[in-house]
1. Just checking, how many residues over the stretch 73-96 are assigned to a helix (DSSP H, G or I) and either under 13 Å from the mean Cα position of the chain (by Cα) or within 11 Å of the ligand (Cβ to nearest atom) (or both)?
2. Does TRP221 satisfy the condition of being in a helix (DSSP H, G or I), in contact with a Pro (Cβ under 8 Å, 6 or more places away or on another chain), within 11 Å of the ligand (Cβ to nearest atom) and under 27 Å from ARG126 (Cα atoms)?
3. Based on this model, can you work out whether GLY358 counts as out of contact with any strand residue (DSSP E or B) (no Cβ under 7 Å at 6 or more places or on another chain), of a type in the set (Gly, Ala, Ser) and not assigned by TED's automatic domain parsing to the domain that holds ASP213?
4. LEU210 versus (1) in a helix (DSSP H, G or I); (2) touching a residue at least 12 places away in the same chain (Cβ under 8 Å); (3) touching a Ser or Thr at 6+ places or on another chain (Cβ under 9 Å); (4) within 12 Å of the ligand (Cβ to nearest atom): which is the lone unmet condition?
5. Filter the stretch 162-187 down to residues that are within 11 Å of the ligand (Cβ to nearest atom) and aliphatic (A, V, I, L, M), then give me how many there are.
6. Could you please find all residues in the stretch 159-183 being aliphatic (A, V, I, L, M), crowded, with 20+ Cβ neighbours inside 10 Å and assigned to a helix (DSSP H, G or I)?
7. Kindly provide the set of residues from the stretch 224-236 that are free of Cβ contacts under 8 Å to residues at least 40 places away in the same chain and crowded, with 20+ Cβ neighbours inside 10 Å, ordered by number.
8. In the stretch 59-72, is there at least one residue being surrounded by fewer than 20 Cβ atoms within 10 Å (Cβ to Cβ) and near the ligand (Cβ under 9 Å from one of its atoms)?
Amino acid sequence: MAAGSEPSSTALPGSRTRSPGVEESEFQTTLDVMLDSEATFPATRAAALARWQAFLPQATRYGALRNQVVPGHPHVTRLSPALRARLVTTEALVGSLLETCRFAAVEKLVQELVWRDYWKGWLELRPSVWSDYRAEVDRLRRQADPALLRRAEAVMAGQGGIAVLDGFTRELIETGYLHNHARMWWAGYWIHVERLPWALGADFFYRHLLDADPASNTLGWRWVAGLQTRGKAYLPRRSNLEKYCAANLLADPTGLERIDDSVVAAVPLPDERPAERVAWKPLPDAPGITEGSATPPGSWGLWVHGEDLSVEESALGQMRPDVLLSVFDAQRVAALGMAPRRIAYLKTALADGLARAGHHFKCPIESCETGEGLAEALARVARERGLAGWVAMRPSVGPLADAIPAIEADLARDGRKVIWCRRRWDEHLWPQASSGFFGFWEKAQRRLATQATALAQSRDPQQPELLF
Ligand SMILES: Cc1cc2nc3c(=O)[nH]c(=O)nc-3n(C[C@H](O)[C@H](O)[C@H](O)COP(=O)(O)OP(=O)(O)OC[C@H]3O[C@@H](n4cnc5c(N)ncnc54)[C@H](O)[C@@H]3O)c2cc1C
């Protein structure tokens, strides 16, 4: 739908309604059942690894069950927030799967884990898709038709009028998570039924999801809209919800007629310029090794940030930094409008990542939570500590990477710099996201299947390092 156009004429009034005949208690049960469930989201590495160990015995059933949306989400890992912050890494999870199971038996789970890398690589190669999306969100907030914005607000408040989807809205706000299928239905409803602009819906998700990721979220929304694979939109269909949703989530059928298979039609695609593709810029996995040391000459700090909170498990683990720093960038968080639950998750994960790194590197640690901004904080601590600069994992396209020019400029002013590094896994996989997923998967799976054999033979506990 073109920005600024009218909301759907089928839009229901803002208040939530109940079907005749559905008792209050039953209605409550319908919406609260997800929230009362045991769905939790590990915010430390130890908790994430424990979740993974508990999930491993059912990994071979993942392919058959993953689409079922049931309270507690027992059929999926619920590890996306931890993977997003890299409290655990995809390569470590894939490595442990390949070590314990036949590739064919866990192929679906490996494929889903690697989808994340596909989206990361795709966006890294086309950063303007991110900046255009952010600009569109700003433009819509300022210029969109007030009636459209009011309708968007009502849907985001859980007052869209389809009881099960309003329940998902509450689940998102109150837990910071939605099952993949619920994300697809919700985004499809927003775009193709409410006919609201995809960018505003993506921003709503981005503010609330604990796993909010510039790549998976933006491109997931574009895929549902039909922009990612142009013309192939994802439509929410009543029959699909009835097939995959637990019956108690559908106990209140209010509004389901709006997503009857026969009535939902794809919204016309907006015009947009083809995404410009940039050249891949390779990075080392650690600063150059000089005379047997993994640390460059001089005094260097290691900046630990929310895109990689297990640096000690990467090639950077060999470094001898003089200080570790994490910065909670309150300005950026405020500008993005992050929900309190997401902020709390990020803070816990950052504290866990920094504490583990401190234990590993045995050097002083500093954490700042100030209003001074990220670039200023990095420049100030480098000055105070007399550092040559910082070593850090390069953030991927998104808000943190948007700060890179300012970080580099502030440090350069004092003659300092950042040495950017990238994990070998990313360096190998991400540039291969040049076109569609299945071409990407072809290349990745051949390599992974070979590694499965090598891993099975070696039984080396350090196996994840073997992957790429
Ligand atoms: C509109 C929309 C928005 C999304 N926004 C995000 C987001 O901001 N952050 C995010 O991490 N995922 C996003 N996803 C992808 C997916 O929904 C989540 O990764 C998944 O639901 C997380 O739950 P889980 O960890 O239990 O997944 P599992 O099913 O247990 O999968 C294991 C891991 O594989 C990866 N994965 C699984 N499915 C996908 C997928 N479709 N795309 C990319 N990676 C996948 C994730 O890292 C996930 O943690 C979005 C999908 C859609 C349709």
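1. Residues that pass the stated criteria total 8.
2. Criteria not met by TRP221.
3. Here the answer is no, as GLY358 does not meet what is asked.
4. The number of the failed condition is (1).
5. 5
6. Residues satisfying the conditions are ALA163, VAL164, LEU165, LEU172, ALA182.
7. Within the stretch 224-236, GLN228 is the sole residue that qualifies.
8. The answer is yes; a qualifying residue exists.
The values are calculated or read from the model by the stated rules, or taken from the named source; none is laboratory data. If you're wondering where the values come from, they're calculated on a predicted model, not measured in any experiment. Here Cβ is always computed from backbone atoms with ideal geometry, including for glycine, and neighbour counts include all displayed protein chains.
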